[in-house]
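The values are calculated or read from the model by the stated rules, or taken from the named source; none is laboratory data. Quick caveat, the model's predicted, so the values are computed rather than measured. Glycine also receives a Cβ, built like all others from the backbone with ideal geometry; neighbour counts cover every protein chain displayed. When the accessible area is computed, the model is the full protein with side chains, heavy atoms only, and any ligands, DNA or RNA have been set aside. Shrake-Rupley method; radii C 1.70, N 1.55, O 1.52, S 1.80 Å.
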Protein chains: 2
Amino acid sequence: MTDTARGTSRRYGSRPTMKDVAARAGVGLKTVSRVVNGEPGVTPDTERRVQDAITALGFRRNDSARILRKGRTASIGLVLEDLADPFYGPLNRAVEEVARDHGALLINGSSAEDPAREQELVLALCARRVDGLVIIPAADDHRYLEPEIAAGVATVFVDRPAGRIEADTVLSDSFGGARDAVAHLIAHGHRRIGFLGDQPRIHTAAERLRGYRAAMAEAGLPVDEAWVSLGSTAPDRVRFAATAMLDGPRPVTALFAGNNRVTVTAVRVLAERPRPVALVGFDDFELADLISPAITVVAQDAARLGRTAATMLFRRLDGVDGPPRREEIPTRLIPRGSGELPPPAGS
Amino acid sequence: MTDTARGTSRRYGSRPTMKDVAARAGVGLKTVSRVVNGEPGVTPDTERRVQDAITALGFRRNDSARILRKGRTASIGLVLEDLADPFYGPLNRAVEEVARDHGALLINGSSAEDPAREQELVLALCARRVDGLVIIPAADDHRYLEPEIAAGVATVFVDRPAGRIEADTVLSDSFGGARDAVAHLIAHGHRRIGFLGDQPRIHTAAERLRGYRAAMAEAGLPVDEAWVSLGSTAPDRVRFAATAMLDGPRPVTALFAGNNRVTVTAVRVLAERPRPVALVGFDDFELADLISPAITVVAQDAARLGRTAATMLFRRLDGVDGPPRREEIPTRLIPRGSGELPPPAGS
DNA sequence: GTCGCGTTTGACAACGTTGTCCAGAGGTTA
DNA sequence: TAACCTCTGGACAACGTTGTCAAACGCGAC
């Protein structure tokens, strides 16, 4: 078994080139190129000789050289916040699926919510000459992308808008979703509702807060600022904030959690308490229906976000011009029980 | 004015090169290269002129050309089964983290459990001349990789072993984990235990089945073949199989689910039944502790799998030779309740 | 003034591929 | 037999970068 592998005694790390194949097959360089790329104008006999040489040498075309020559890389970059966040899994997958349909590879990386790291990653991708970029931004100033975009790197922002530049964008309807969620709680009798959100500099967090306030205002309900807490989604912070709202001087009877990570912590906090507290979470998650009470959520369609963004990107790459477009993906309230709990009697 | 205009009005899609920068700065090509790469031997004055030209033109080094010239791409490929599967999120993240520490980019894609697609993807990555590959195999024959490995592409297999070639491998202890899980159920009084697994051609599924049989045998318990069902993890199939075991002539009193997707479906099936059935799942998942009863699981450390594999890969890239290594990552049984249910009285 | 030495700089080839263009073989027609 | 076409195959330049090597320069010492 191993001796066959050793049979080809090439120098470790250096691979045969078309030139080697041509020499071995006794044909010209361009003929090999033609065979490799399935171009016409090669007799079956010549083609067979070349194919034999290719397998014998273990030749594989060097795409770096090809890219250099052709100018297009057939790859796109995806920069997201955290590869491990389950919310981005389907999005990632959807983008890859569309890329694959267009014969492109996907290069990706996480920014870890760090603007500097986002920029570093994006520019590294640009240096690789990706044809396009799908970005879930962590930064709030994307002017550093201007030269790249001017040079023809198609760019689409997803989930959050670009900062200080005009660009194609695909967003969930965070405002509307949050308003629906809070209206749902109000419809079930709640008056004192807490909002647990992500850091305020994140666009979606701000939008969801805006939706919360809008729903409260539409119902004529005052908002005690002690009911609003934005910040890191670290469990400790969320736990602390939730507890403060629930045990404060004007305790809330319901919570609206601004994203999946916050919801998970909120569920844990509420599970430890004797009396049930209503909860609606932004983002759906697996098994939300099996917890008791089942968790009512505002679901985003992450796969559709990704698919839409990638499709938009390839449309640009296909040469569709025009001003930056912004597409909004609707959210969907899924009542499951936790949002339908009435406030405790006498509150 | 004219040269400014010429500078800004580049043809859309074509970027300035070092040659353009050199012309504008009034220096030689190599001097620009030196500045871009921070090489010594450039006077501060010259360097400033070059830097100015770079920003004015929006120059960014073309890494395709650089790669072609240097031979190393500073990128590694990760091929996994499904980017959207939450189990692979932390693994993906861990690999990226290690890659980043080594200054490498991560290119990835999903095989969708399709051997042909895996091969296509892997070879595309080889054509890009990735320095190394981390593969979660879908195929069971990897001889197609022999020329690539011989040519110096470092390769590490994770989660499942390579087929028909020798290669570095990092695995979870599926056998031991499954045996622990089933032994746990037996210790709580169960005698008739069902196994719901993934397709038998998948190594981990086979190993877990082996663990199941080992635990049963060690306890001197016979296995009714109606208690064993391997196949697709599609919810319909799992539901059907589980129902058959629970309602069959010799009904099981406990289930062991072979992976996270199966566990989720099993939880749903059991939730619909009047009397509780014990369950242990392979793979931990979020909120497993909040379902009632909380789900007992055998947890794999996906992040550690990824970290170990990537570290092994870069060690090879750093020139460490030697025979293929196989590393095994232990699993951990997390008792939460669902595995501690006793069998119904009189069974 | 010239020599030697170290530093800064640039000309040029090479990396492996593809596009352009031309040469020669073979066949058809006048 | 010459003129003309078609079809296959190959020579060569170019893509944008980096490594090699040598030229040009400044400067102190003889």
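Here are the numbers for this structure:
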item: Residue in segment A:316-347 that is modelled with the highest pLDDT, counting only those that are in contact with a Lys or Arg (Cβ under 8 Å, 6 or more places away or on another chain) and open to solvent by less than 40 Å² (accessible area, probe 1.4 Å); result: A:Ile329
item: Residues satisfying the stated conditions in segment A:162-194, i.e. more than 19 Å from the chain's Cα centre (by Cα), closer than 27 Å to A:Ile135 by Cβ and not in a helix (DSSP H, G or I); result: A:Arg164, A:Ile165, A:Glu166
item: Matching residues in segment A:64-93 - criterion: being facing chain B (nearest Cβ under 8 Å) and either touching an Asp or Glu at 6+ places or on another chain (Cβ under 6 Å) or of a type in the set (A, V, I, L, M) (or both); result: A:Ala65, A:Ile67, A:Leu68, A:Thr73, A:Leu83, A:Ala84
item: Extreme residue, farthest from the other protein chains (Cβ to nearest Cβ), among residues of segment A:285-305 that are among the β-branched types (Val, Ile, Thr) and over 17 Å from A:Asp173 (Cα atoms); result: A:Thr296
item: Matching residues, segment B:169-196, being more than 24 Å from B:Ala303 (Cβ to Cβ) and crowded, with 23+ Cβ neighbours inside 10 Å; result: B:Val182, B:Leu185, B:His190, B:Ile193, B:Gly194, B:Phe195, B:Leu196
item: Some residue of segment A:101-110 being away from DNA strand C (no atom under 16 Å from the Cβ) and surrounded by fewer than 22 Cβ atoms within 10 Å (Cβ to Cβ); result: yes
item: Residue in segment B:243-257 that is within 11 Å of chain A (Cβ to nearest Cβ), open to solvent by less than 50 Å² (accessible area, probe 1.4 Å) and free of Cβ contacts under 8 Å to residues at least 24 places away in the same chain present; result: no
item: Single residue of A:His188, A:His142 found to be assigned by TED's automatic domain parsing to the domain that holds A:Leu209, out of contact with any helix residue (DSSP H, G or I) (no Cβ under 7 Å at 6 or more places or on another chain) and modelled with pLDDT of 95 or more; result: A:His188
item: Sole residue being of a type in the set (D, E, K, R), away from DNA strand D (no atom under 12 Å from the Cβ), crowded, with 19+ Cβ neighbours inside 10 Å and not assigned by TED's automatic domain parsing to the domain that holds B:Arg128, chosen from B:Arg66, B:Arg24, B:Arg48; result: B:Arg24
item: Check on A:Gly26, of a type outside the set (Val, Ile, Thr), more than 23 Å from B:Val153 (Cβ to Cβ) and at the interface with chain B (Cβ under 10 Å from one of its Cβ atoms); result: no
item: Failed item in (1) more than 7 Å from chain B (Cβ to nearest Cβ); (2) closer than 29 Å to A:Gly71 by Cβ; (3) open to solvent by 20 Å² or more (accessible area, probe 1.4 Å), with A:Asp141 passing the rest; result: (2)
item: So B:Leu313, is it in the same structural domain as B:Asp131 (by TED's automatic domain parsing) and either open to solvent by less than 10 Å² (accessible area, probe 1.4 Å) or part of a loop (DSSP other than H, G, I, E, B) (or both); result: yes
item: Residue selected from segment A:171-209 under the condition among the hydrophobic types (A, V, I, L, M, F, W, C) and touching a Pro at 6+ places or on another chain (Cβ under 7 Å), by the criterion nearest to A:Val223 (Cα to Cα); result: A:Ala206
item: Output for segment B:51-63, where each listed residue is more than 7 Å from chain A (Cβ to nearest Cβ) and either open to solvent by 20 Å² or more (accessible area, probe 1.4 Å) or assigned to a loop (DSSP other than H, G, I, E, B) (or both); result: B:Gln51, B:Asp52, B:Ile54, B:Thr55, B:Ala56, B:Leu57, B:Phe59
item: Residues that are within 26 Å of the chain's Cα centre (by Cα) and open to solvent by 10 Å² or more (accessible area, probe 1.4 Å), drawn from segment A:278-294; result: A:Asp284, A:Phe285, A:Glu286, A:Asp289
item: Any hit, segment A:50-61, residues being more than 16 Å from DNA strand C (Cβ to nearest atom), farther than 19 Å from B:Leu91 by Cα and over 20 Å from the mean Cα position of the chain (by Cα); result: yes
item: Only one of A:Glu118, A:Glu113 that is open to solvent by 10 Å² or more (accessible area, probe 1.4 Å), more than 10 Å from chain B (Cβ to nearest Cβ), more than 12 Å from DNA strand C (Cβ to nearest atom) and free of Cβ contacts under 8 Å to residues at least 40 places away in the same chain; result: A:Glu113
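For every residue, the table says whether it meets (1) in the same structural domain as A:Gly152 (by TED's automatic domain parsing); (2) within 16 Å of DNA strand C (Cβ to nearest atom); (3) assigned to a helix (DSSP H, G or I).
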residue: A:Ser33; (1), (2), (3): no, yes, yes
residue: A:Pro40; (1), (2), (3): no, yes, no
residue: A:Leu83; (1), (2), (3): yes, no, no
residue: A:Pro86; (1), (2), (3): yes, no, no
residue: A:Gly89; (1), (2), (3): yes, no, yes
